[in-house]
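**Student:** Here's a structure for you.
No lab work stands behind these numbers, since they all come straight from the coordinates. Just so we're clear, the structure is a prediction, and the values are computed from it rather than from any experiment. Please note: Cβ atoms are built from the backbone with ideal geometry, for glycine as well, and neighbour counts cover all protein chains shown.
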Amino acid sequence: MTTLPDLVTDRLRLRQPAETDLEAMLTVFNDPVIAANTISIPHPYTRDDALGALEQFERWRREGVNRVFFIEDRATGALVGSASVEHKDPPGRGELGYVVGRAWRGRGYASEAARAIVRFAFDSLGLRLVTAHAMLHNPASVRVLEKLGMRAVGVIPDACRKDGESFDAHGFEITRDEWARLDAAQEHPA
Ligand SMILES: CC(C)(COP(=O)(O)OP(=O)(O)OC[C@H]1O[C@@H](n2cnc3c(N)ncnc32)[C@H](O)[C@@H]1OP(=O)(O)O)[C@@H](O)C(=O)NCCC(=O)NCCS
């Protein structure tokens with residue numbers, strides 16, 4: 001896969017990040033709440049952080065280890081956040097991630113974007129299991145994962161490391177078969 005495809009949903013377009021996103025990144029990702037709930041986005045979020053992130057996303061994409069999409073609001077073209085699937089060992093597994101900027105929260109955007117990423121992970125990347133972790137102090141992210149239909153697997157000790165410190169996290173997962181059943185039920189409700 002050379003470039004990322006566009007993933008289009010009702011209200012959003014998930015697309016490859018670009019250098020032209022730099023200014024918008026400085027607003028969307030410069031947020032202590034994002035820094036507190038993710039492992040690699042610092043606060044304050046500087047121009048160098050944004051430039052470094054764009055280079056890293058590109059490197060990850062070329063290596064096929066992590067696909068990071070930017071989320072765009074289709075109605076305005078505004079950058080609203082990011083969503084990703086990182087490949088994990090063993091092969092066939094991916095880890096879901098998402099961030100929505102403060103101004104755009106509470107509209108169901110994270111859930112809509114995450115659903116598109118899970119579909120991409122199973123249908124385009126051929127993965128068999130998608131996992132996700134939400135820090136214990138992040139009920140909004142837990143809710144996103146519940147709404148997606150992912151299965152809670154309990155609290156995972158030392159699930160994430162940030163700045164040399166380990167954090168427990170709520171673990172979630174969904175298999176390709178579980179997703180296919182959910183998808184079929186949503187398309188053909190009883
Ligand atoms: C978590 C995050 C992505 C959610 O984005 P969003 O676009 O607002 O998410 P959605 O609107 O799709 O869903 C959020 C759900 O959480 C609920 N919620 C929000 N704050 C909550 C809280 N403090 N306690 C419980 N539920 C909460 C919302 O009501 C909504 O559920 P509902 O649709 O049943 O009402 C966003 O807050 C964010 O980017 N946070 C910082 C980064 C982060 O945490 N990323 C995830 C790392 S695992």
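**Student:** For a quick protection proxy, order the peptides 97-105, 81-89 by their average other-Cβ count within 10 Å, most packed first.
**Tutor:** Descending packing order for the listed peptides: 81-89, 97-105.
**Student:** Same structure, new question: Using alpha-carbon positions, what is the distance between the centroids of the stretch 152-190 and the stretch 39-118, in Å?
**Tutor:** Centre-to-centre distance over Cα atoms comes out at 17 Å.
**Student:** Something else about it: What does the stretch 17-81 give for Rg and for Dmax, in Å, if only its C-alpha atoms count?
**Tutor:** Rg, Dmax (Cα atoms, Å): 11.8, 32.
**Student:** Between Rg and the Kirkwood Rh of the stretch 100-182, both from Cα atoms, what is the Rg to Rh ratio? Walk me through the numbers before you get to the answer.
**Tutor:** On the way: Rg = 13.5 Å, Rh = 13.6 Å.
Answer for the stretch 100-182: 0.99.
**Student:** What is the mean projected area of the alpha carbon convex hull for the chain, to one decimal in square nanometres?
**Tutor:** About 10.9 nm², averaged over all directions.
**Student:** Oh, and also: Using the Karplus equation 6.51 cos²θ - 1.76 cosθ + 1.60 (θ = phi - 60°), what ³J(HN,Hα) coupling, rounded to whole Hz, does each residue of the stretch 169-183 give in order, writing x for Gly and Pro?
**Tutor:** With coefficients 6.51, -1.76 and 1.60, one gets 8, 6, x, 9, 8, 8, 8, 4, 5, 4, 5, 4, 5, 4, 4 Hz.
**Student:** Sticking with this structure for a sec: Taking the DSSP beta bridges in the chain as the whole, what percent of them are antiparallel, to the nearest 5?
**Tutor:** Just about 90 percent of them are antiparallel.
**Student:** Kindly provide the pair-distance distribution of the stretch 64-130 built from C-alpha pairs, with 5 Å bins from 0 and whole-percent values in order of increasing distance.
**Tutor:** It works out to 4, 18, 29, 21, 14, 10, 5, 1, in whole percents.
**Student:** What percent do you get for the relative contact order of the stretch 10-114 when only Cα pairs under 8 Å and 6+ apart count?
**Tutor:** On the way: 157 pairs, mean separation 28.4, N = 105.
Once normalised by length, the contact order is 27 percent.
**Student:** Now a separate question. Any idea what the dipole of the chain comes to, in debye rounded to 20, about its Cα centre with Lys/Arg Cβ at +1 and Asp/Glu Cβ at -1?
**Tutor:** 400
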